[in-house]
Amino acid sequence: MFQAKHSHPASSAWKKLFFLLIVVCLASSSSICAQSCGFQNLPAAYQQLVDAVDAHKKDVSLAIADSLLQLLEDNDSQSCPYYDSISYERGEALEFHNRWGEALELYYDLIRRTEANRHWGLMAETQLSVARAHESIGRGGDCLRYLRAARNNIKSHELGPANSRFHVRYASYQRIFASRDTAYQYALQAIQLGRKYNRYRSELDGNLVAGITSPDVETAIRHLQNATQMYLKKDNALGASWQKGSMSTKYLSLGQFQAAHRELDSSFYYLRQANVDSISYYDYIYRLYDRRAVLFTQENKFDSAYHYQGLAREAEQLTGDRANQTVISEKEIAFAIEKEQQKLAFEQQRYRILRWVLIIGGLSLVFLSYLLYNNRKKRQEISRQNAIIGQQNSDLSIAVDRQRTLIYEIHHRVKNNLQLVMSLLTLQGRRADTTATQLQLEQMANRVRSIALIHEQLYQTEEFADLHLPTYMERLAQHFASLPGDGGRFDLHLDIVDTRLNLETVMPIGLICAELIGNSLKYGRPQGEPLKLKISIQPDHHPEESQTNYTMQYRDNGHGYPEGSLNGQDGSMGKILIDSMTRQLRANSESFNDDGAVFHLRFTEKVVSGS
C-alpha cells in the first residue's frame, strides 16, 4: 500500500539554496568571452531552468530564475539576450505559485521590451502566457484579447513554432469559455504542429486538452496515455501520475473496474517515484485515495471503500498540516537566500575591484571612468526614448480600442436600423391591398434581413474584418424557417466549408441565397412531398490559380425554372438582383433544371483595397 510521506517540511525547500550555490560558483568561475554575455556557463544554467519549468518544479525553477537574474543585474548585463528569456521562465514559475499579479506585471513589461527589440518570437510566447494567466483567474475576455494579439503577431512574422502553442492556448480557452468540440479540434492541431516544429510542450499540452475534451472516452484515454509517455521521457513522474489518475476516472465511467484499478496502481507508483514533499503531494494523495474509495463503492466492496475513505481523511489532514509548515519553511528559505545573495554581492564586488586594479593603471582608470560616464548618459537617453515610445504605444492602443468600440457601435446601429426597416416593410405588407404587393414587401424584408444578419454577426463576434460563413448561412436559414404559416416549412441541408470571408463577399452571397430560398418557398413546392433545399459552398482548388476559388450550388426538389427564366427572358426583380450580385462578385453563374431548380456559382473572395 502506498503511504503518505513524513519527511522534514523544509527538505525540498533547500533545493533553492543548492541551485543558488551553483550560480555562485558560476559567477566566480566564469571568464570574459564574446559569447554567453561574459558568463561561460550561462547557457547550461539557463537550460537547467527550462528543464525545471518543464518538469513543473516550482520552487527550484523560481530559485534558479531569481539567482540568474540577480547575477546579470549585478553585472549590469540586462541587455544580454538571456535576460529576457530568463525573465519569461520566471513568469511561468510565478504562475506555479499562483502569484498571478506578479506574473502579469512581469509579462507586460517583457512584452514592451521584446516589442522594442523586435524579438517577435519571445513576444508571441509572452502574449500567450498572459492569455493563460487570465484564463487561470477566470477573465475570459482578457484571455481572448491576448490570444488574438498573439495570433496577429504569429501571422505577421510567420512564427511557426509559436503557432503550435497558440493552438494549445486557444483550445484551452475554448474548453473553459466556449465549445469543447472546438477545443478538441484545436488540441489535435496543436499535437500535429508540436510534432512538426519539435515543440515538446505543445504536443504534451495538446494531448492533455484532447484527453479532457474528446467526445469519445477511449480516444481520450489514448491521448492521456500519450501525455503519460511524454512526461516519463522528461523524467516527470508527477505528471505521469496525474495522467494515470485521470485515466482511471475514464475507465470507471466505462464501467471497466479492473482497468480503473490498474491505472490507479500506476498513479500511486509514479507518485512514489516523483519523490516530492509538498502540499500538492498530500492533496493529490487525498484525491487518489478518495477515487479508490469511489471505485470500491461502485463494485459494492464497502469494507475496502470505508478503508480508503479513512486514508483519504488522513491525507486531507496532512495537507492542512503541511500548509502551516510551509509558512515557516518559506521564512527560513527567504532568510537563507538573503544571506547567500549578500555573500554573492560581496564576492562580486571584490572580484571587480581586483580585476580593474590588475588590468588598468591610473591614467587608464581615469579614461575608463570617462567612457563609463558617457555610456551611462547614452543609456539614460535610450531609457528616456523608450519611455516616450512606451507612452506612444499606450496612446495608440487606447486609440485602437476606441476605434474598435466605434466600429462595434456602428454595426450595432446598422443592424438595429435594418431591423426597423424590416418591421416597417412587414407592417406595410400586412396593410397592402393585394397579395402581389404583400409578397413583394415580404421579399424586400427577407433581402433586408440577409443584410442585417451580417451586421448582427459582426457586432456579436467583434470580428470586424470577416465573417464565419457556416454560422451566417445557418442564421439565414433559421430566418426563413421561422416565417409564419407554411412559408417557413422546408427541409434544408447545408454543406458549407469552415472558413471566414470578408463582408464584401458574404453580403452578395447572402442576397443571392435569400432570393433563391424565397423563390423555392413560393414556386418550388412539389406536390405530395416536402420541399427539400440544399446549399453547398466548397473550395474549388486549381494549382495554376493563386487565390482560392469557391463553388456554390443551390438545389431544390421542386418544379424547376420556367422556360423563360432559363433562356434569359425573365425580367423579374429577383433575376435582376441575382445577376447584379453575380457581377459584383465578378463570378460565373448558371441555372438549369435537374430534378428541380439548380443554381451554380463560382466565385473568389473579393480583394478590398487597403486590406
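The values are calculated or read from the model by the stated rules, or taken from the named source; none is laboratory data. Note that this is a predicted model, so its numbers are computed, not measured. Every residue, glycine among them, receives a Cβ derived from its backbone with ideal geometry; neighbour counts consider all protein chains shown. For the accessible areas, the whole protein counts, side chains as well, though only heavy atoms, and no ligand, DNA or RNA atoms are used. Shrake-Rupley method; radii C 1.70, N 1.55, O 1.52, S 1.80 Å.
Can you tell me which of (1) in contact with a Gly (Cβ under 9 Å, 6 or more places away or on another chain); (2) modelled with pLDDT of 90 or more; (3) of a type in the set (Ser, Thr, Tyr); (4) farther than 21 Å from Glu92 by Cα is the one Thr182 doesn't meet?
(1)
In region 230-268, how many are farther than 18 Å from Leu295 by Cα and open to solvent by 30 Å² or more (accessible area, probe 1.4 Å)?
5
Within the set of pairs 6 or more residues apart or between chains, which connect a residue that is more than 11 Å from Arg199 (Cβ to Cβ) inside region 148-166 to a residue that is of a type in the set (S, T, N, Q) and open to solvent by 40 Å² or more (accessible area, probe 1.4 Å) with Cβ atoms less than 9 Å apart?
Here the result reads Arg151/Asn163; Ile154/Asn163; Lys155/Asn163, each pair linking region 148-166 to a residue that is of a type in the set (S, T, N, Q) and open to solvent by 40 Å² or more (accessible area, probe 1.4 Å).
Kindly provide the set of residues from region 497-522 that are farther than 20 Å from Thr582 by Cβ and part of a helix (DSSP H, G or I), ordered by number.
Once the filter is applied, which keeps residues that are farther than 20 Å from Thr582 by Cβ and part of a helix (DSSP H, G or I), region 497-522 yields Leu521, Lys522.
Do we find a residue being open to solvent by 10 Å² or more (accessible area, probe 1.4 Å) and without any contact (Cβ under 8 Å) to a residue 40 or more places away in the chain anywhere in region 128-135?
No, region 128-135 contains no residue that is open to solvent by 10 Å² or more (accessible area, probe 1.4 Å) and without any contact (Cβ under 8 Å) to a residue 40 or more places away in the chain.
Quick one: in region 475-498, of everything that is open to solvent by 40 Å² or more (accessible area, probe 1.4 Å) and at pLDDT 90 or above, which residue is farthest from Pro539 (Cα to Cα)?
Filtering region 475-498 for residues that are open to solvent by 40 Å² or more (accessible area, probe 1.4 Å) and at pLDDT 90 or above, the one farthest from Pro539 (Cα to Cα) comes out as His493.
Might you let me know whether region 107-117 holds any residue that is open to solvent by less than 70 Å² (accessible area, probe 1.4 Å), of a type in the set (Lys, Arg) and modelled with pLDDT of 90 or more?
yes
Mind telling me which of the residues Ser67, Ser12 ends up being of a type in the set (Gly, Ala, Ser) and either modelled with pLDDT of 75 or more or within 30 Å of the chain's Cα centre (by Cα) (or both)?
Ser67
Yes or no, residue by residue, for (1) among the hydrophobic types (A, V, I, L, M, F, W, C); (2) modelled with pLDDT under 90; (3) open to solvent by less than 70 Å² (accessible area, probe 1.4 Å); (4) within 26 Å of Asp498 (Cα to Cα):
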| position | (1), (2), (3), (4) |
| --- | --- |
| Thr548 | no, yes, yes, yes |
| Asp556 | no, no, yes, yes |
| His559 | no, yes, no, no |
| Pro562 | no, yes, no, no |
| Leu566 | yes, yes, yes, no |
| Gln569 | no, yes, no, no |
| Leu577 | yes, yes, yes, no |
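Select, from Glu504, Glu515, the only residue that is at pLDDT 80 or above and open to solvent by less than 50 Å² (accessible area, probe 1.4 Å).
None of the others qualify; the one that does is Glu515.
Select from region 188-227 the residues that are in a loop (DSSP other than H, G, I, E, B) and open to solvent by less than 40 Å² (accessible area, probe 1.4 Å) and list them in ascending order.
Listed by number, the list holds a single entry, Ser214.
Does region 75-99 hold any residues that are in a helix (DSSP H, G or I) and of a type in the set (D, E, K, R), and which are they?
Residues satisfying the conditions are Asp84, Glu89, Arg90, Glu92, Glu95.
Yes/no matrix, rows are residues, columns are (1) at pLDDT 80 or above; (2) over 31 Å from the mean Cα position of the chain (by Cα):
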| position | (1), (2) |
| --- | --- |
| Asn236 | yes, no |
| Ala260 | yes, yes |
| Ser280 | no, no |
| Leu295 | yes, yes |
| Tyr308 | yes, yes |
| Asp321 | no, yes |
| Gln325 | no, yes |
